[in-house]
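A.B. asks: Can you read through this structure? Questions will come right after.
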Amino acid sequence: MRIGFGYDVHQFTPDRKLWLGGIVIPSDKGLLGHSDADVLIHALCDALLGAAAMRDIGYHFPDTKGNEYEGIDSKILLRRVMAMLREAGYELGNCDCTVCAQTPKLSPYIEQMRTCLAEVMGVAPDQVSIKATTTEHLGFVGREEGIAAYAVALIEKKK
């Protein structure tokens, strides 16, 4: 068994959809990024890759201007990361993710995000935990400048 940790952050920007956990969350602003800026999926990819000692999301899917990943749906990246893990002989034990956002309130969308991520990764929903919290108005998250996400993933080598 191996464990990995991931962290990501993206700033808010107007005129973009807010993608979190593979779904669109109703909001008057989205996140700025080279891809769809799904901060939760990006943190999860880093946790999975880290557990397998396969570097990080930026190494495998660089944000070079004009490349094939510009504007990409992060669910595609997560599917590719899971394929890389499985090719190396690993399966997900479980993952635990925390999204830090002052706004919007995410509680109504947690189950939909869990279901989406489980489906994308090809695992059972009870292997995916997602929590949401605020920062009590402290820091860039508290000032509603962006969203941060943390993830840990346990992977197991299959015989």
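A.B. asks: Magnitude of the Cβ-charge dipole of the chain, K/R +1 and D/E -1, about the Cα centre, nearest 20 debye?
C.D. replies: 380
A.B. asks: Express in nm, to one decimal, how much length is gained between R86 and E70 on full extension, taking 0.36 nm for each residue of separation and deducting their alpha carbon distance.
C.D. replies: That pair, R86 and E70, stretches by 3.2 nm at full extension.
A.B. asks: If you don't mind, there's one more thing I want to ask. Whole-Å semi-axes of the chain's equivalent ellipsoid, largest first, each the root of 5 times a Cα gyration tensor eigenvalue?
C.D. replies: Semi-axis lengths for the chain are 25, 18, 13 Å.
A.B. asks: Quick one: Cα centre-to-centre distance for the stretch 135-159 and the stretch 62-81, in angstrom?
C.D. replies: Cα centroid of the stretch 135-159 versus Cα centroid of the stretch 62-81: 20 Å apart.
A.B. asks: If I model a spin label as a point 7 Å beyond the Cα along the Cα-Cβ vector, how far apart are those points for K105 and R143 in nm?
C.D. replies: The answer from the label model is 2.6 nm.
A.B. asks: Then there's this: Could you sort F5, F12 by their accessible area in this structure, using a 1.4 Å probe and putting the largest first?
C.D. replies: So the residues, ranked largest to smallest area, are F5, F12.
A.B. asks: Same structure again: Find which of L154, Q102, Y7 sits farthest along the positive direction of the dipole of the chain, computed with +1 on the beta-carbon of Lys and Arg, -1 on that of Asp and Glu, about the Cα centre.
C.D. replies: Farthest along the dipole direction, towards plus: L154.
A.B. asks: Just the Kirkwood number for the stretch 12-87, please: inverse of mean 1/r across all distinct Cα pairs, in Å, one decimal.
C.D. replies: When all Cα pairs of the stretch 12-87 are included, the Kirkwood radius is 12.8 Å.
A.B. asks: Follow-up. Residue by residue, what Karplus-based ³J(HN,Hα) values in Hz, rounded to whole numbers, does the stretch 31-45 have, using 6.51, -1.76 and 1.60 with θ = phi - 60° and x for Gly and Pro?
C.D. replies: 10, 7, x, 5, 9, 6, 6, 6, 4, 5, 5, 5, 5, 5, 4
A.B. asks: How large is ³J(HN,Hα) for each residue in the stretch 16-24, as worked out from phi by the Karplus curve 6.51 cos²θ - 1.76 cosθ + 1.60 (θ = phi - 60°), to whole Hz, x for Gly and Pro?
C.D. replies: 9, 6, 9, 9, 9, x, x, 10, 8
A.B. asks: What longest range of the chain stays clear of loop-exposed GluC sites (Glu not before Pro) (DSSP non-H/G/I/E/B, at most 13 other C-beta within 10 angstrom)?
C.D. replies: So the longest stretch without any such site is 1-67.
A.B. asks: Continuing with this model, one more query. Amide H neighbours of G30 under 5 Å, counting only residues 5+ apart in sequence or on other chains, H built in-plane at 1.01 Å?
C.D. replies: T13, D15, R16
A.B. asks: With the cut-off at 1.5 for a/c, could you classify the stretch 54-101 from its C-alpha gyration tensor as rounded, prolate or oblate?
C.D. replies: It is oblate, given that a/c is not under 1.5 and a/b is not larger than b/c.
A.B. asks: Evaluate E = 1/(1 + (r/R0)^6) for E136 and A53, where r is the Cβ-Cβ distance and R0 equals 41 Å; express this FRET efficiency to the nearest 0.05.
C.D. replies: Calculated transfer efficiency: 0.70.
A.B. asks: Calculate the spin-label point distance for Q112 paired with M1, positioning each point 7 Å from the Cα along the beta-carbon direction, and give it in nanometres.
C.D. replies: About 3.3 nm separates the two model spin labels.
A.B. asks: Shifting gears a bit: Restricting the calculation to Cα positions, tell me the Rg (one decimal) and the Dmax (whole number) of the stretch 2-46 in Å.
C.D. replies: That works out to 11.1, 40 Å for Rg and Dmax.
A.B. asks: Once every Cα of the stretch 106-159 carries one equal point scatterer and solvent is ignored, give the base-10 log of I(q)/I(0) from the Debye formula at q = 0.26 Å⁻¹, two decimals.
C.D. replies: Scattering profile of the stretch 106-159, log10 relative to I(0): -1.06.
A.B. asks: I would also like to ask the following. Helix 110-121: angle to the longest alpha-carbon principal axis of the chain, degrees 0 to 90, nearest 10?
C.D. replies: 40
A.B. asks: Per residue, what accessible area does the chain have, given a 1.4 Å probe and all protein chains present, in Å²?
C.D. replies: Here the residues of the chain average 50 Å² of exposed surface.
A.B. asks: Determine the calculated [θ] at 222 nm for the chain from helices alone, applying -39500 (n - 2.57) to every DSSP H run no shorter than 4 residues and normalising by the residue count; nearest 500 deg cm²/dmol.
C.D. replies: Value at 222 nm, helices only, nearest 500: -8500 deg cm²/dmol.
A.B. asks: Could I ask something else about it? Take M1, M121, M54 and sort them by solvent-accessible surface of the protein heavy atoms, 1.4 Å probe, largest at the top.
C.D. replies: Output order, biggest surface exposure first: M1, M54, M121.
A.B. asks: Whose amide H sits under 5 Å from the amide H of S35, counting only residues 5 or more places off or on another chain, with H placed in the peptide plane?
C.D. replies: For S35, the qualifying residues are G71.
A.B. asks: Right, next: Please list the non-local residues whose amide H lies under 5 Å from the amide H of N94, H modeled 1.01 Å from N, same-chain partners needing a gap of 5 or more.
C.D. replies: Answer set, sorted by chain and number: L154.
The values are calculated or read from the model by the stated rules, or taken from the named source; none is laboratory data. Just so it is clear, the structure is predicted and the values come from calculations on it, not from any experiment. In this analysis, Cβ positions are derived from the backbone assuming ideal geometry, glycine residues included, and neighbour counts consider all displayed protein chains. Please note that ligands, DNA and RNA were not included when accessible areas were found on the heavy atoms of the full protein model with its side chains. Shrake-Rupley method; radii C 1.70, N 1.55, O 1.52, S 1.80 Å.
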